[in-house]
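What follows is a set of notes on a single structure, which appears directly below.
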Ligand code: AHG
Ligand code: MN
Ligand code: MN
């Protein structure tokens with residue numbers, strides 16, 4: 001039988017997996033994602049395409065939707081009473097819960113709009129979030145720097161032909177499809193408790209950066225390309241959607257390895273993806289589905305974060321291939 005997200009969360013609450021604040025927070029995230037979905041699907045009709053004319057703290061030109069979705073996210077969760085603070089890709093520093101609202105026990109970190117280069121071409125985009133326990137006392141950027149292993153919940157919403165919310169609260173991975181008619185997120189029994197196949201014949205990497213990669217990644221990708229004539233003895237297919245949400249979704253659905261390695265384009269940027277609101281939540285989902293996620297050397301979830309907007313190399317997906325490319329780094 002199909003149940004909706006509210007019913008699913010109520011069951012997790014009564015089973016003692018989550019508490020009331022987390023339940024309220026996750027319902028609020030689901031609700032705000034419907035508003036984002038509305039903006040995204042109306043595109044030009046809602047006047048949300050194109051650049052905002054501003055840069056974020058990472059020096060990236062913000063799209064209008066980066067800014068709009070950040071506002072929707074902040075306003076969608078700040079009032080819940082579940083948060084001591086929040087941090088976003090699009091905000092230089094964290095935002096402690098405003099005095100007007102009750103302080104809660106959690107922190108949320110988010111990428112309000114993942115895959116910004118896809119917005120104006122109507123390709124898949126998403127929203128990613130990571131929830132941790134807040135420390136006591138005043139909330140500052142440092143309060144967010146706990147290893148991904150300590151996450152309480154994580155997930156993403158993917159806006160594509162279907163709008164899908166994928167969630168873990170630490171007991172598996174569950175996917176809910178938005179029914180636009182009723183506004184409900186429905187858990188389809190076929191998408192319950194996702195498991196990633198251990199083996200795969202599909203990889204995803206931005207090949208245009210090949211000449212900038214480090215030697216172990218060069219070697220591994222050469223082997224993938226060599227297919228059944230090389231040491232791996234099988235052919236590989238390739239995909240690149242340019243939105244981590246879409247790549248991770250594909251890996252969760254049918255396996256694969258997704259890579260965004262460090263490269264030598266800019267020494268200040270070890271990797272492109274951000275640890276706190278991209279790599280950590282996605283690695284939590286991947287591990288919960290039986291996959292692996294490393295930075296080439298260590299499990300991503302075990303890394304001790306140093307900065308809120310820190311970047312990290314990412315290799316995630318089907319265990320056998322992630323273990324192989326990780327072993328090449330040793
Ligand atoms: P964001 O839009 O939040 O800045 O993230 C984009 C990231 C990630 O989602 C994707 O995997 C990658 O950038 C795409 O990178 P390329 O531009 O190298 O394709
Ligand atoms: Mn992103
Ligand atoms: Mn983003």
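What follows is calculated from the coordinates using simple rules that are stated; it is not laboratory data. From a predicted model like this one, the values you see are computed outputs, not experimental measurements. Positions of Cβ are backbone-derived with ideal geometry, glycine not excepted, and every protein chain shown enters the neighbour counts.
What the table below lists for this structure:
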item: Shape of region 192-240, Cα gyration tensor, a/c cut at 1.5; result: oblate
item: GNM top mover of 136, 287, 306 - the chain, alpha-carbon springs below 10 Å; result: 136
item: Global form of region 1-130, assessed from the alpha-carbon gyration tensor, a/c cut-off 1.5; result: oblate
item: Most fluctuating residue given options 41, 54, 168, as computed from a GNM of the chain linking Cα atoms under 10 Å; result: 54
item: 0 to 90° range, to nearest 10: angle between helix 215-226 axis and the chain longest Cα axis; result: 70
item: Cα long-axis angle, helix 64-77 against the chain (0 to 90 degrees, to the nearest 10); result: 50
item: Antiparallel DSSP beta bridges within the chain, percent to nearest 5; result: 85
item: Sorted by Cβ neighbour density within 10 Å, fewest at the top, the residues 23, 253; result: 253, 23
item: Candidates 149, 262, 211, ranked by Gaussian network fluctuation over the chain, Cα under 10 Å, top entry; result: 211
item: Taking the chain and dividing mean pair separation by its residue count, relative contact order in percent (alpha carbons under 8 Å, at least six apart); result: 16
item: Whether region 181-330 is rounded, prolate or oblate, judged on the alpha carbon gyration tensor where a/c under 1.5 counts as rounded; result: oblate
item: Most to least packed among 309-315, 196-202, 95-101 [average Cβ atoms within 10 Å]; result: 309-315, 196-202, 95-101
item: Sorted by Cβ neighbour density within 10 Å, fewest at the top, the residues 244, 91, 282; result: 91, 244, 282
item: Residues 223, 247 arranged by fewest to most Cβ contacts within 10 Å; result: 223, 247
item: C-alpha long axis of helix 20-42 to longest principal axis of the chain, angle in °; result: 70
item: Region 51-90 and region 278-315: distance between their alpha carbon centers, rounded to Å; result: 22
item: Mean Cα-pair separation over length for region 162-219, i.e. relative contact order, pairs under 8 Å, 6 or more apart, %; result: 22
item: Relative contact order (percent, whole number), region 217-330, Cα cutoff 8 Å, 6+ residue spacing; result: 27
item: Estimated [θ] at 222 nm from DSSP helical runs (n ≥ 4, -39500 (n - 2.57)) normalised by residues in the chain, nearest 500; result: -8500 deg cm²/dmol
